[in-house]
1. Principal axes first, then extents: for the Cα atoms of region 281-333, list largest minus smallest coordinate on each axis, whole Å, largest first.
2. Given H placed on each backbone N at 1.01 Å, which residues far from V160 in sequence or on other chains put an amide H within less than 5 Å of it?
3. Might you tell me the accessible area per residue for the chain, computed with a 1.4 Å probe and given in Å²?
4. Among rounded, prolate and oblate, which fits region 215-309 when a ≥ b ≥ c are the square roots of the eigenvalues of its C-alpha gyration tensor, a/c under 1.5 means rounded, and a/b larger than b/c means prolate?
5. Give the carbon-plus-sulfur fraction of the accessible surface of region 154-291 in %, rounded to a whole number; probe 1.4 Å, heavy atoms of protein chains only.
6. Amide H of A331 versus every other amide H placed in the peptide plane: which residues, excluding those fewer than 5 positions away on the same chain, fall under 5 Å?
7. Per-residue ellipticity at 222 nm for the chain, helices alone: DSSP H runs ≥ 4 residues times -39500 (n - 2.57), over residue total, nearest 500 deg cm²/dmol?
8. More than 35 angstrom separation, counting every C-alpha pair in the chain; what % is that?
Amino acid sequence: MARQTRGFSQQQLAGMAGVSRQAVSAVESGHSDPSLRVALALAQALGMSVEELFGPGKPTAAVTAVSVAPLSGRGAGERAGAERAAGVRVMLAPVGDRFVALPLRGDTGVGLGFLPAGGLADPGARIAPRIAPPTAADVEPADAFEEIAVRPIGPPRPTVVVAGCDPALPLLATPLSLLDPPVALAWWPCGSGEALRLARAGLVHAAGVHTQTGNGADGAGLPDGAEVVGFTAWREGLVVRQDLRAVVTGLDAIARGRLRIVNREPGAQARRLLDRERARLNLDPSDLIGYDAEAAGHLQVASAVAAGLADAGVASEPAARAYGLAFVPLAHERFNLVIPAEHTASREAQALLKVLASPWLLAQLASIPGYDASTCGERFT
C-alpha cells in the first residue's frame, strides 16, 4: 500500500532500494520476511521509518474529505447510534488536491458481496458545509457539499473516481489494475444530473452522461472546458414483464391497463425520457401507477420488474436482457464520459483514457447483449 500510494511499480521501488523485484514481491505477498538491510533500504526508498513500514502501526489520523452525498443514519435513532459507534464505511480517494468520500450504503456498498472500504467516517463529526470548488462561477448554492472527518483504513491510493448510471462502468477496474503502477476505481452510481453536479464541483475525474447526439449531455450542464469521451451506446425504453410482452406496446398501453411502473430519481435520463414520452401522449403523472416509486439505476429497475414489484419501467436494453425481460425501445442513446478541465492532465484521467482503448474492455462490452462499444474512447469536441 505504501508503494502504490506513492505511485511506484515493484520494479521502480526495487531499483530505488537496490534490491531485486522478486525480493519486493516476496515481502509484499508475505512469503518472505525482509532482512535488516532490505527493510532499511525499502523504508528509505519510501521515505518512511522501518517501524512505520513494518511495525504494528498506530490508528491512522482522520483526514478531511468532501462527501459526495450525506452520510446515512443521522436522526434515525438506534441505527444512528450504531453508525456513530462503528463509523460509516466510505470509499476514500484523492481527487485533485483534496480527498473525496463516497458513502458505501445500499446499492453503492454491495455488488454480490461487500465492497472494500477506504475509511470510516463519523456521522457526528461534521466539519462544515462548503461550496466546492469555491471559485467555480457555475456552482449554485444548492451544490454545497459537506466536509467530513474520515479515518483511513489504509493509505489512500491513486483512484479514478467515476460517477454515472451505466452498470458497465465497474469493468474499468480490471484494466486500471493492470497498469504499471496500478490505479484503483471508485464508482458512484447516480443519474446524469447528479454526475454532472459532481463534475462541476470537481469531485470526480469523470461523469457519465446520456446524449442522443453523441457529444454532450442533452445540450446543457457540461463544465467549462470539459473533455467528452465516448464509452457505450444502447437503446433505452420500457422494460416489461415477459407475460405482458403482447400487451405493452408503449406507455399509453401501461396507462390504459393500469399497470404499475417503477421510475428513476429526478435528474436521471431515464426519468426524463419517461416524462418526454408522457408529455407526448398527454399523460399526467397520476395516470401512471407507481410514478413516484424510484429505483437507483438501470439494473435496479429491471430487478424490480423481474421480482414482480412493478410491471414495467424505463431502463437500458442491456438491463432488460440481463434479467430476461421484454423490451420496448423508445430512444437510442450514447453514454459519454465528461472529464472536468481541472482533471484532464491528472494521472487518473490519463489512466482512464488509456484503458478505454483496452482490447479486454472492448471485448467485455461487446460480450454484453445490447451494448454498442463502437465509440468507446472516441473524443468529441
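1. That works out to 30, 25, 18 Å along the principal axes.
2. Residues meeting the criterion, in which the H sits 1.01 Å from N, are A184, L185, A186.
3. 45 Å²
4. prolate
5. 51 percent
6. Answer set, sorted by chain and number: E236.
7. It comes out at -8000 deg cm²/dmol, rounded to the nearest 500.
8. 33 percent
The values are calculated or read from the model by the stated rules, or taken from the named source; none is laboratory data. The model shown is predicted, which means the values in this text are computed figures rather than measured ones. All Cβ positions, glycine included, derive from the backbone under ideal geometry; neighbour counts span all protein chains shown. To get the accessible areas, we keep the full protein, side chains included, count just its heavy atoms, and leave off ligands, DNA and RNA. Shrake-Rupley method; radii C 1.70, N 1.55, O 1.52, S 1.80 Å.
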